[in-house]
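Colleague: Got a structure for you, written out below as structure tokens; questions coming shortly.
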Amino acid sequence: MRIHRFIVGVVVISALVSCTSASDSQDDNPKEVILMAYDAFTPEKGIFDDFTSSTGAQVKVVTAGDTGTMVSKAILTSGNPEADVMWGIDNTLLSRAQNADLLVSYEPVDEGDVCVNYDKKWFADQKLDVPTTLEELTQPAYKKLLAIQDPVASSPGLAFLLGTISLFGDNWKSYWKQLLENDVRISANWTTAYTEDFTIYGGTYPMVVSYGSSPPAEVFYSEKPISEPPTGVIESTCFRQTEYVGVMRGTNNPNIAQQLVNYLLAKKFQESIPLSLFVFPVNKDAQLPQLFRDFAVRPEKPLTMEPTVIDKNREQWLNEWRSLAL
């Protein structure tokens with residue numbers, strides 16, 4: 001979602017080559033359990049202390065790029081994983097993990113929506129109406145105003161593509177031809193699109209594919225106190241994203257790995273994720289913070305697609321998208 005994909009002061013190890021192999025420890029009394037996640041996994045500081053106190057095992061987080069890159073890397077070592085638990089496979093990529101037999105078991109761990117966000121001040125200054133639909137994004141008034149992510153490598157980019165296919169059906173390629181002719185910006189990943197291309201961070205694109213939970217993140221991370229976010233969400237563009245967590249097949253530490261999964265699904269950790277990962281918890285007992293209740297967008301009727309449909313068509317759709325975009 002992330003979550004929201006802001007990089008904050010949480011110490012993570014950003015390269016898989018630097019992580020200790022899961023085979024280096026024994027499940028009888030492991031001193032460490034390795035959690036693999038996407039780059040923007042930013043848990044609350046100290047959130048794993050209770051887990052360590054109760055199990056004796058430290059949680060070591062290793063990050064492996066955007067979600068698509070993470071899954072691709074994990075497939076290369078399927079059955080002999082470099083971690084014990086994987087966080088962050090979403091419904092757009094779950095079938096890839098299933099087909100590669102990456103996980104022994106998995107559970108939904110959070111939900112969110114991939115949506116077009118916009119810079120409120122920019123639109124006000126330009127006296128330009130904010131578009132309200134995906135169709136409007138192809139109009140000349142919005143030429144060179146939207147930054148998206150490459151759906152081949154980026155989870156939010158793929159979610160946005162699937163959202164357009166969900167809405168337009170067989171006419172999705174015609175829509176994308178119009179969108180590309182309107183000079184949409186295709187960025188490599190969420191971080192580039194949001195923190196470099198988006199106007200609120202000095203870029204030239206006042207609209208960007210991000211999350212329905214990006215506005216509260218803007219308030220939370222603002223260097224100066226602000227009462228409302230500088231960004232808004234075009235609700236009709238939102239595609240529902242569910243993320244999963246699971247024990248990796250081949251881990252030498254299956255018991256402690258499952259305990260970590262249980263901990264990630266329990267109320268305390270789930271209540272920490274709105275203001276650390278900027279996603280919605282799946283634990284029904286978890287309470288949302290006021291900031292999230294005030295500013296996070298959670299559409300009643302988001303764009304959706306069944307994982308089986310995604311599995312059947314994803315590679316063909318991506319190939320067709322490449323033929324249009326490249």
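Colleague: For the chain, what are the DSSP H helices with axial Cα length of 18 Å or more and mean Kyte-Doolittle hydropathy of at least 1.0? List each step's numbers first, then the result.
Modeller: On the way: long enough: 155-168 (20 Å, 1.60); 307-325 (25 Å, -1.09).
Span-like helices in the chain: 155-168.
Colleague: Using a cut-off of 13 Å between beta-carbons, work out the net charge of the residues near N99 (Lys and Arg +1, Asp and Glu -1, N99 not included). Please report the intermediate quantities before stating the final value.
Modeller: Numbers: positive: R96, R249, K312, R314; negative: D101, D311, E315.
Net charge around N99: +1.
Colleague: Could you please rank E111, E228, E223, E243, placing first whichever residue has the fewest other Cβ atoms within 10 Å of its Cβ? Kindly include the intermediate steps, with their values, before the conclusion.
Modeller: Details: E111 18, E228 13, E223 5, E243 27.
Going from least to most buried by this count: E223, E228, E111, E243.
Colleague: On to the next question. Expressed as a rounded percentage, what relative contact order does the stretch 194-304 have, with Cα pairs under 8 Å and six or more residues apart?
Modeller: Numbers: 114 pairs, mean separation 32.5, N = 111.
So the answer I get is 29 percent.
Colleague: Using Cα pairs closer than 8 Å and at least 6 residues apart in sequence, work out the relative contact order for the stretch 101-201, in percent.
Modeller: Details: 86 pairs, mean separation 31.2, N = 101.
Once divided by the residue count of the stretch 101-201, the mean separation gives 31 percent.
Colleague: Ignoring solvent entirely, what values of log10 I(q)/I(0) come out of the Debye formula for the stretch 189-326 at 0.11, 0.16, 0.19 Å⁻¹ when each Cα is a single scatterer?
Modeller: -0.59, -1.10, -1.26
Colleague: What is the Å³ per residue value for the convex hull set by the Cα atoms of the stretch 57-130?
Modeller: Numbers: hull volume 11.0 nm³, N = 74.
That works out to 149 Å³ per residue.
Colleague: Let me ask you something else. Could you give the dipole magnitude of the chain about its Cα centre, charging the beta-carbon of Lys and Arg +1 and that of Asp and Glu -1, in debye to the nearest 20?
Modeller: On the way: 27 positive and 41 negative charges, 76 e Å.
The calculated dipole for the chain is roughly 360 debye.
Colleague: Then there's this: Just need log10 I(q)/I(0) for the stretch 67-181 at q = 0.10, 0.11, 0.14, 0.22 Å⁻¹, Debye formula, equal scatterers on the alpha-carbon atoms, no solvent, rounded to two decimals.
Modeller: The calculated log intensity ratios at q = 0.10, 0.11, 0.14, 0.22 Å⁻¹ are -0.43, -0.50, -0.72, -1.23.
Colleague: Sticking with this structure for a sec: Using the 10 angstrom Cβ neighbour count as an exposure proxy, how do C115, C238 rank, fewest first?
Modeller: Numbers: C115 30, C238 25.
Fewest-to-most ranking of C115, C238: C238, C115.
Colleague: Further question on the same structure: Mind pulling up the Rg/Rh value for the stretch 279-319? Radius of gyration and Kirkwood radius, both on Cα. Walk me through the intermediate numbers first.
Modeller: Details: Rg = 15.7 Å, Rh = 13.3 Å.
Computed over Cα atoms, the ratio is 1.18.
Colleague: Exposed loop trypsin sites (Lys or Arg not before Pro) only (DSSP loop, at most 15 other Cβ atoms within 10 Å): please give the longest stretch of the chain free of them, not including the sites. Intermediate results must be reported in sequence, preceding the final value.
Modeller: Numbers: sites that count: K31, K45, K127, K143, K144, K284.
With trypsin sites (Lys or Arg not before Pro) excluded where exposed in loops, the chain gives 145-283 as its longest stretch.
Colleague: Can you pull the semi-axes for the stretch 159-256, root of five times each eigenvalue of the Cα gyration tensor, sorted largest first, whole Å? Each step should come with its number before you reach the end.
Modeller: Values: eigenvalues 159, 121, 38 Å².
So the three semi-axes of the stretch 159-256 are 28, 25, 14 Å.
Colleague: Could you work out the Kirkwood radius for the chain, taking every pair of different alpha carbons, averaging 1/r and inverting it, reported in Å? Mind dumping the intermediate values first?
Modeller: Details: mean 1/r = 0.0497 Å⁻¹.
Final number for the Kirkwood radius of the chain is 20.1 Å.
Read-outs: derived from the displayed coordinates by stated rules, not from any lab. In this text the structure is predicted, and so the values were computed from the model without any measurement. Counting neighbours? That spans all protein chains shown, and the Cβs are built from the backbone with ideal geometry, glycine included.
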